[in-house]
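Inspection log for the structure reproduced underneath, given as structure tokens.
The values are calculated or read from the model by the stated rules, or taken from the named source; none is laboratory data. In this text, all values refer to a predicted model and were calculated from it rather than measured experimentally. Cβ: placed from backbone, ideal geometry, glycine included. Neighbour counts: every protein chain shown.
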Amino acid sequence: MAGTATRYLYLTRHGEASPVEGELTENGRRQAVLLGRRLRGVPISAIHHGPLPRADQTARLVGEQLDEVPLRVSEVAGDYVPYTPEREELPPEAADHFLRFLGLFPAEERERGEALAREALERLTGPVEGDEDRHELVVTHNFLVGWLVRAAQDAPRWRWLGLNHCNAALTVIRYAPGRPSALLFFNDMSHLPAELRWTGFPAEQRA
């Protein structure tokens, strides 16, 4: 009977994209290439990515730097609101701000997002069947990175809010059998030169 092995989940937000066309800028393309080069020494078995052009283009550029790693497009890796909290779940001082932000998204879109978020936890997290460790990359968007990081930390479901990720930065979560999930690092930009760091991140939170 097969046992279970460790899953290493590599998460990245797509490269910088044009707010008009939704496709990668020249900086975004450079970010994706540099991320792919950083991952050359990692035995990535698959690249999962969302269907939007900015995620698709990032995944393809990353994949071109690796050795025949399959690309797998998935709605689960897409851009959606993963969870909408009730007011009483939120810190009182932040509730108005967060609820106003979430109100920008139609109710049916938020409901669909919650279903996809549950599926993401089922498909992308936890140890894997078999005897070999698995390394997978997910090229996605800010919301899903926050959702998976807060789950790895056993934080309340609303706590994906306020977690921000830079374009083409790298986060890694380890899911080992019989152990709690471990956030190995978050929002790491060491593969990017200074001029390509912090894009997509709120200016007031930049280091």
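Of the numbered conditions (1) assigned to a strand (DSSP E or B); (2) under 17 Å from Glu16 (Cβ atoms), Ser45 fails exactly one; give the number of that condition.
Checking Ser45 against (1) assigned to a strand (DSSP E or B); (2) under 17 Å from Glu16 (Cβ atoms), the one that fails is (2).
Search the range 12-33 for residues being assigned to a helix (DSSP H, G or I) and either of a type in the set (Gly, Ala, Ser) or more than 18 Å from Val145 (Cβ to Cβ) (or both), and hand back the single one that is farthest from the chain's Cα centre (by Cα).
The qualifying residue farthest from the chain's Cα centre (by Cα) is Glu26.
What helices (runs of 4 or more DSSP H) lie completely within the range 65-167 and have 1 or more residues being in contact (Cβ under 8 Å) with a residue 24 or more places away in the chain, among the basic types (Lys, Arg) and farther than 30 Å from Arg30 by Cα?
Working: elements: 92-102, 107-124, 142-152.
Filter on the range 65-167 gives 107-124.
Please go through the range 24-44 and pick out each residue that is touching a strand residue (DSSP E or B) at 6+ places or on another chain (Cβ under 6 Å) and either modelled with pLDDT under 95 or of a type in the set (Ser, Thr, Tyr) (or both).
none
Per-residue answers, yes or no, for (1) under 30 Å from Ser18 (Cβ atoms); (2) of a type in the set (A, V, I, L, M, F, W, C); (3) touching a strand residue (DSSP E or B) at 6+ places or on another chain (Cβ under 9 Å):
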site	(1), (2), (3)
His165	yes, no, yes
Ala176	no, yes, yes
Pro180	no, no, no
Phe186	yes, yes, yes
Leu196	yes, yes, yes
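Would you mind telling me which numbered condition in (1) of a type in the set (Gly, Ala, Ser); (2) over 16 Å from Leu11 (Cα atoms); (3) out of contact with any helix residue (DSSP H, G or I) (no Cβ under 9 Å at 6 or more places or on another chain) Ala95 fails?
(3)
Output yes when any residue across the range 183-203 is β-branched (Val, Ile, Thr), under 14 Å from the mean Cα position of the chain (by Cα) and within 21 Å of Arg38 (Cβ to Cβ), and no when none is.
Looking through the range 183-203, none of the residues is β-branched (Val, Ile, Thr), under 14 Å from the mean Cα position of the chain (by Cα) and within 21 Å of Arg38 (Cβ to Cβ).
Got at least one residue in the range 159-173 being over 11 Å from the mean Cα position of the chain (by Cα) and surrounded by fewer than 18 Cβ atoms within 10 Å (Cβ to Cβ)?
Yes, because at least one residue in the range 159-173 is over 11 Å from the mean Cα position of the chain (by Cα) and surrounded by fewer than 18 Cβ atoms within 10 Å (Cβ to Cβ).
On the basis of being among the polar types (S, T, N, Q), touching a residue at least 40 places away in the same chain (Cβ under 8 Å), more than 25 Å from Arg174 (Cβ to Cβ) and surrounded by 16 or more Cβ atoms within 10 Å (Cβ to Cβ), does Gln57 make the cut?
Yes, satisfied.
Among the residues of the range 1-47, which ones are crowded, with 22+ Cβ neighbours inside 10 Å and β-branched (Val, Ile, Thr)?
Thr12, Ile47
Here are some conditions: (1) surrounded by 21 or more Cβ atoms within 10 Å (Cβ to Cβ); (2) closer than 24 Å to Gly126 by Cα; (3) out of contact with any Phe, Trp or Tyr (no Cβ under 6 Å at 6 or more places or on another chain). Pro82 meets all but one. Which one does it not meet?
(3)
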